[in-house]
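Reading through the structure tokens given below for one structure.
The values are calculated or read from the model by the stated rules, or taken from the named source; none is laboratory data. Computed from a predicted structure; not experimentally measured. Using ideal geometry, Cβ is built from the backbone for each residue, glycine included, and neighbour counts are taken over all protein chains shown.
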Amino acid sequence: MPPSAGLGDRLSRLAQRHAPVIFPAPAVAVVALIIVYPVLYTGWMSLQEWFASSLTPPHFIGLANYAQILTADARFREAFFRTLYFAALVVAAETVLGVAMALLFNREFWGRGLIRTLSILPMVATPTAVALIFVMMYHPTLGVMNYLVTRVGLGPFTWTYSSRTALYALALVDVWEWTPLIMLIALAGLAALPKEPYESAVIDGATGLGTLRHITLPLLRPIIVVAILFRAIDAIKTFDIIFVMTQGGPANATETINLYLFNQAFAYFNMGYASAIAVALFAIVMGAALILMKVRRTAW
């Protein structure tokens, strides 16, 4: 037997023995490279001072960018609290409306399937398309929103054209688009609830409201926390509808951390500082996720 044949047999046996590790290894290596390299490069750039518009190379400044974020950047501080406020506002509204819609669609009535299908259409559309539609609807003279509010006796609103109402107008768009996601998750949770507690409640003479308060909502609480976790992470990172509709204006009234990061990177070309903001945003999202995951574990 030639030596190459023996070597081939040994390699074949080795591949068969370690097939669960060898065959996925190339794909795992590529995915790891795609994920790990940008993270490491962003972390390295956050320690540099570098303007992409200049001809000078990056200059290492250590943690100076992070010190500026924490102590000297009032604009970042405002964007931070604005981001948390926006996320809390939309997630609270979407949770209440989504659970209410799930409780409604969990009942049997004529046309339930059609109405439930129509209710998830906002979630199917891309956020950019939704934002462009609402830009036209919010127009102060040509938009349909002011026509609708004047028909019910209210004065015309300034919507995204005023710093006092712009953030709430954006929140309305987000709630309209992503409430169906909470509804679908809650509907799945309702379908999985056990029947025995409800049968016992009927025997004990419990009312519908009492059953909802003492059985349905407590049993559904872990599912609701999971839905809140998903939406909170996504709401903190919201970029597309804000950029398309207001670009952070007017007067920075809707500038969230994502918008501030974008402006630092692609308007001011301050890549080092923008990288530090990206790391800070990652830390904020990770912190919010860990808190909600802790709440989820206690909810079970």
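Do you know which of the residues in the range 62-73 that are touching a residue at least 40 places away in the same chain (Cβ under 8 Å) and surrounded by 16 or more Cβ atoms within 10 Å (Cβ to Cβ) is nearest to residue 271 (Cα to Cα)? Quick ask: steps written out before the conclusion?
Initially, the range 62-73 is screened for residues touching a residue at least 40 places away in the same chain (Cβ under 8 Å), giving 65-66, 68-69.
Next, from what is left, pick out any that are surrounded by 16 or more Cβ atoms within 10 Å (Cβ to Cβ): 65-66, 69.
On the way: 65: 11, 66: 13, 69: 14 Å.
Residue satisfying both the conditions and the ranking: 65.
Any idea which of (1) buried (at least 16 other Cβ atoms within 10 Å of the Cβ); (2) farther than 28 Å from residue 227 by Cβ; (3) of a type in the set (D, E, K, R) is the one residue 151 doesn't satisfy?
Every condition holds for residue 151 apart from (1).
Within the range 207-225, take every residue that is surrounded by fewer than 18 Cβ atoms within 10 Å (Cβ to Cβ) and hydrophobic (A, V, I, L, M, F, W, C) and give me the one that is nearest to residue 169 (Cα to Cα). Outline the logic, then answer.
Just the residues of the range 207-225 that are surrounded by fewer than 18 Cβ atoms within 10 Å (Cβ to Cβ), to begin with: 207-215, 217-219, 221-222.
Those left that are additionally hydrophobic (A, V, I, L, M, F, W, C): 209, 212, 215, 217, 219.
Values: 209: 33, 212: 32, 215: 36, 217: 30, 219: 34 Å.
Restricting to residues being surrounded by fewer than 18 Cβ atoms within 10 Å (Cβ to Cβ) and hydrophobic (A, V, I, L, M, F, W, C), the top hit is 217.
Cβ contacts < 8 Å: first residue more than 29 Å from residue 280 (Cβ to Cβ), restricted to the range 21-46; second residue assigned to a helix (DSSP H, G or I), any location; separation 6+ or different chain. Result?
So the pair list comes out as 22/15.
Of the residues 239, 262, 243, 282, which is surrounded by fewer than 21 Cβ atoms within 10 Å (Cβ to Cβ), over 13 Å from the mean Cα position of the chain (by Cα) and within 27 Å of residue 64 (Cα to Cα)?
Numbers: 239 fails: over 13 Å from the mean Cα position of the chain (by Cα); 243 fails: within 27 Å of residue 64 (Cα to Cα); 282 fails: over 13 Å from the mean Cα position of the chain (by Cα).
Testing whether each residue is surrounded by fewer than 21 Cβ atoms within 10 Å (Cβ to Cβ), over 13 Å from the mean Cα position of the chain (by Cα) and within 27 Å of residue 64 (Cα to Cα) leaves just 262.
Please go through the range 109-127 and pick out each residue that is assigned to a helix (DSSP H, G or I) and surrounded by 13 or more Cβ atoms within 10 Å (Cβ to Cβ). Write out each step before concluding.
In the first step, residues of the range 109-127 are kept if they are assigned to a helix (DSSP H, G or I); the result is 112-119, 121-124, 127.
Hits for the range 109-127 are 112, 115, 116, 119, 122, 123, 127.
Pairs under 7 Å by beta carbon, first residue over 16 Å from residue 238 (Cα atoms) in the range 87-98, partner among the hydroxyl-bearing types (Ser, Thr, Tyr) and buried (at least 18 other Cβ atoms within 10 Å of the Cβ), six or more apart or different chains?
97/179; 98/179
With (1) surrounded by fewer than 16 Cβ atoms within 10 Å (Cβ to Cβ); (2) at pLDDT 90 or above; (3) among the β-branched types (Val, Ile, Thr) as the list, and residue 179 as the residue in question, which single condition is left unmet?
Checking residue 179 against (1) surrounded by fewer than 16 Cβ atoms within 10 Å (Cβ to Cβ); (2) at pLDDT 90 or above; (3) among the β-branched types (Val, Ile, Thr), the one that fails is (1).
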